[in-house]
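Visitor: Have a look at the structure that comes next, please.
Every read-out reported here was derived from the displayed coordinates using simple, explicitly stated rules and does not represent laboratory data. No experiment lies behind these values; they were computed from the predicted model shown. Glycine also receives a Cβ, built like all others from the backbone with ideal geometry; neighbour counts cover every protein chain displayed.
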Amino acid sequence: MALDSFGRKIHYLRISLTDHCNLRCVYCMPEDMVFRPRAEMMQDEEVLFLARLFAELGFDKIRLTGGEPTVRAHLVDIVRGITTTPGIRSVSLTTNGMLLSKLADPLAAAGLGRVNVSIDTLNPAKFKRMTRGGDMETVWEGILAAEAAGLTPVKLNAVVVRGYNEEDVVDLANLTREHHWQMRFIEMMPFGGSSDLQTKQMVSSQEIQDRIEQSLGSLTPVNGGELDGEARLYRIPGAQGDIGFISTVSAPFCADCSRARLTPEGILRMCLLRDYEIDLLTPLRAGASLEELRKLVLEAVWNKPWGHGLANGEIAINRAMNEIGG
Ligand code: SAM
Ligand code: SF4
């Protein structure tokens, strides 16, 4: 198992398969975002090679993300290649759900375990505004298809942005009454070239929880209030599913972090919100030996930064969210 210099076990790799996306969410990227040429990104066999390398170093959990991973060609083959890699115990996917209704069955057949689907509001007009063009009903069909395909438990992600969807958190929370879903509310984080919106329109987990409790009454903590991954979980009494709060900005969970991220162009990034990175794809393409690549990974893991510095106004500047992989 790979350890960092603080003794944290790093065994969870998020692989961003592409920076391209079929939406342009206001909290993620500018409307005129220019995407990377495909040749600069890891090719399919390079993704699978690096997944094997990480698995040999004790990484057992992989999440595929982006940009939007479902716009990547051969996604189902990539998933099959990763789920059949020795040592990998769990493979999941984060998606905006726009293409999920058709992909859910083949992805499940390829061994995908579960999905997280982003849905920031149930109001179609607000959804379109927030995602700059997305169709809420298409995403909804995708969520139902994922559940029917057994990609469960389905987790739903909503980033809450003041002036866009802070009024909608109660409707989203109410979904958990009838569905075995985990509805997670995410504090908006600032990134490279961060827009005013990311810094000025963030809504805290506390405010979101207060809004929900004012309408629905007190929520009951799940797991004694302990973190479940990155989320603190609650339940509406009698509900089927859970409500999660991901408070990256107001209550960081860095002490429990077990993650590394691989960007679409094969760069290993050890903290979502820090610029420290090590390039793996350039040496791989230049013919580096397995031993040399292993050393690079272990060095990056060892040097994983303790945590982010948002509280001190330190913002990672070199990439937007879609270029890192959420
Ligand atoms: N396209 C997929 C999706 O939207 O689910 C996967 C990639 S997206 C970058 C991964 C997650 O990051 C999504 O849940 C999205 O809502 C979240 N996200 C994007 N920008 C964010 C920001 N500035 N702060 C917090 N979360 C953000
Ligand atoms: Fe695309 Fe996901 Fe970013 Fe929205 S959050 S623009 S769907 S990558």
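Visitor: Which one of 84, 154, 208 has its Cα pushed farthest toward the positive end of the charge dipole of the chain, where Lys and Arg give +1 and Asp and Glu give -1 at the Cβ?
Guide: Farthest towards the positive pole: 84.
Visitor: In addition: Taking the alpha-carbon distance from residue 304 and a cut-off under 26 Å, which lysines remain once sequence neighbours fewer than 8 residues away in the same chain are dropped?
Guide: Cross-link targets: 9, 61, 295.
Visitor: Next question, about the same structure. Give me the net charge of residue 44's neighbourhood, meaning all other residues with Cβ under 10 Å from the Cβ of residue 44; Lys, Arg count +1, Asp, Glu -1. Please report the intermediate quantities before stating the final value.
Guide: Working: positive: 72; negative: 45, 46, 77.
Surrounding charge for residue 44 is -2.
Visitor: GNM, the chain, Cα, under 10 Å: largest mean-square fluctuation among 274, 80, 177?
Guide: Residue with maximal mean-square fluctuation among 274, 80, 177: 177.
Visitor: Right, another one. Which of 163, 241, 134 moves most in a GNM of the chain, Cα contacts under 10 Å?
Guide: Evaluated over the chain, the most mobile residue of the options is 163.
Visitor: Quick one: putting +1 on the C-beta of Lys and Arg, -1 on the C-beta of Asp and Glu, what dipole do you get for the chain around its Cα centre, in Debye to the nearest 20?
Guide: On the way: 35 positive and 42 negative charges, 72 e Å.
That gives a dipole near 340 debye.
Visitor: While we're looking at this one, here's another question. Full-extension gain between residue 144 and residue 199, please, as 0.36 nm times their residue separation minus the C-alpha to C-alpha distance.
Guide: Working: separation 55, 0.36 × 55 = 19.80 nm, distance 3.36 nm.
Using 0.36 nm per residue and subtracting the Cα-Cα distance, I get 16.4 nm.
Visitor: How large is the helix-only mean residue ellipticity at 222 nm for the chain, computed as the sum of -39500 (n - 2.57) over DSSP H runs with n ≥ 4, divided by its residue count, in deg cm²/dmol to the nearest 500? Kindly include the intermediate steps, with their values, before the conclusion.
Guide: Numbers: 11 runs with 102 residues, N = 326.
The helix contribution divided over the chain gives -9000 deg cm²/dmol.
Visitor: Cα to Cα, under 30 Å, and not fewer than 8 places away if on the same chain: which lysines meet these conditions relative to residue 126?
Guide: Partners found: 102, 155, 200.
Visitor: If you place +1 on the Cβ of every Lys and Arg, -1 on the Cβ of every Asp and Glu, and leave all else neutral, what size is the dipole of region 120-192 about its Cα centre, to the nearest 20 Debye?
Guide: Values: 8 positive and 11 negative charges, 44 e Å.
The dipole magnitude comes to about 220 debye.
Visitor: Can you pull the three principal axis extents for the Cα set of region 248-326, in Å, largest first?
Guide: For region 248-326, the Cα spread along each principal axis is 43, 23, 17 Å.
Visitor: Separation between the residue 137 and residue 298 pseudo-spin-labels, each 7 Å from Cα along Cα→Cβ, expressed in nm?
Guide: My value for the distance between the label points is 5.6 nm.
Visitor: Shifting gears a bit: Residues of region 78-98 with the amide nitrogen closer than 18 Å to a label point 7 Å from the Cα of residue 46, along Cα-to-Cβ, please.
Guide: Within reach of a label on residue 46: 78-79, 82.
Visitor: In the calculated pair distance distribution of the chain, what percentage of Cα-Cα distances lie above 28 Å?
Guide: Working: 20339 of 52975 pairs.
Value for the chain: 38 percent of Cα pairs lie more than 28 Å apart.
Visitor: Also, quick follow-up: Full-extension gain between residue 180 and residue 275, please, as 0.36 nm times their residue separation minus the C-alpha to C-alpha distance. Show your work: numbers first, answer last.
Guide: Values: separation 95, 0.36 × 95 = 34.20 nm, distance 3.70 nm.
Result: 30.5 nm gained on full extension.
Visitor: Sticking with this one: Which of 145, 316, 73 ends up with the largest GNM mean-square fluctuation for the chain, with Cα atoms connected below 10 Å?
Guide: 73
Visitor: Using only the alpha-carbon atoms, how far is helix 169-178 inclined from the longest principal axis of the chain? Give it as 0 to 90 degrees, nearest 10.
Guide: 90
Visitor: Starting from the 7 Å offset along Cα-to-Cβ, what nm value, one decimal, do you get for the label separation of residue 84 and residue 109?
Guide: 1.4
Visitor: Count charges around residue 240 for me, please; just the other residues with Cβ under 11 Å from its Cβ, Lys/Arg as +1, Asp/Glu as -1.
Guide: Summing Lys and Arg as +1 and Asp and Glu as -1 gives 0.
Visitor: Could you tally the net charge around residue 258, taking each other residue with its Cβ under 14 Å from the Cβ of residue 258, Lys/Arg +1 and Asp/Glu -1?
Guide: Working: positive: 8, 9, 14, 61, 63, 89, 259, 261, 304; negative: 4, 60, 228, 230, 256.
Neighbour charge sum, excluding residue 258 itself: +4.
Visitor: Percent antiparallel among DSSP beta bridges with both residues in the chain, to the nearest 5? All intermediate terms of the calculation are to be shown ahead of the outcome.
Guide: Working: 15 of 46 bridges.
Roughly 35 percent of the beta bridges in the chain run antiparallel, per DSSP.
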